[in-house]
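What follows is a set of notes on a single structure, which appears directly below.
Please treat every number below as a calculation from the coordinates, not as lab data. For clarity, every value in this text was computed on a predicted model and none was experimentally measured. Cβ coordinates were reconstructed from backbone atoms using ideal geometry, including for glycine residues, and neighbour counts include every protein chain displayed.
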Amino acid sequence: MAGSFRARLLGLAFLTGLPRNCGLLIPRCSAVHTFGMGFALNLVFLDEHGEVLEVRSRVPPGRVVRVKGARCVLEVQSGPGRAFEYG
């Protein structure tokens, strides 16, 4: 979980990858950037109740993504063998 300002600002930037089944939860957040990322992300935007508002798959580095009404974002690595399902 990204609790500090620094953790929220950097997120997963400058990493080369993540272990399977790992991600970063960013609370109090409705927008993220992928500047400095070494891999594409799957982004899961959640509302104040933890319900999924929107999923953005395979977001490449160098992007900004915002979802109105989101209260937190889960970032997970995208790629082969890293499918994400919800429902």
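Of the residues PHE39, PHE14, the one with the fewest other Cβ atoms within 10 Å heads the list, and the complete ranking is PHE14, PHE39.
The GNM of the chain, with springs linking C-alpha atoms under 10 angstrom apart, assigns the highest mean-square fluctuation among LEU43, LEU53, LEU74 to LEU53.
How big is D for region 5-77, in µm² s⁻¹ as a whole number, if Stokes-Einstein is applied with the Kirkwood radius of its Cα pairs at 4 °C and 1.567 mPa s?
107 µm²/s
Residues HIS49, HIS33, arranged from fewest to most other Cβ atoms within 10 angstrom of their Cβ, appear as HIS49, HIS33.
Could you list PHE45, PHE5 so that the one with the fewest beta carbons within 10 Å of its beta carbon is first and the one with the most is last? Don't skip to the end; give the middle numbers.
Values: PHE45 23, PHE5 8.
Fewest to most other Cβ atoms nearby, the residues stand as PHE5, PHE45.
In order along region 35-41, the Karplus-derived 3J(HN,Hα) couplings, from 6.51 cos²θ - 1.76 cosθ + 1.60 at θ = phi - 60°, round to 5, x, 6, x, 7, 6, 10 Hz, and Gly and Pro are given as x.
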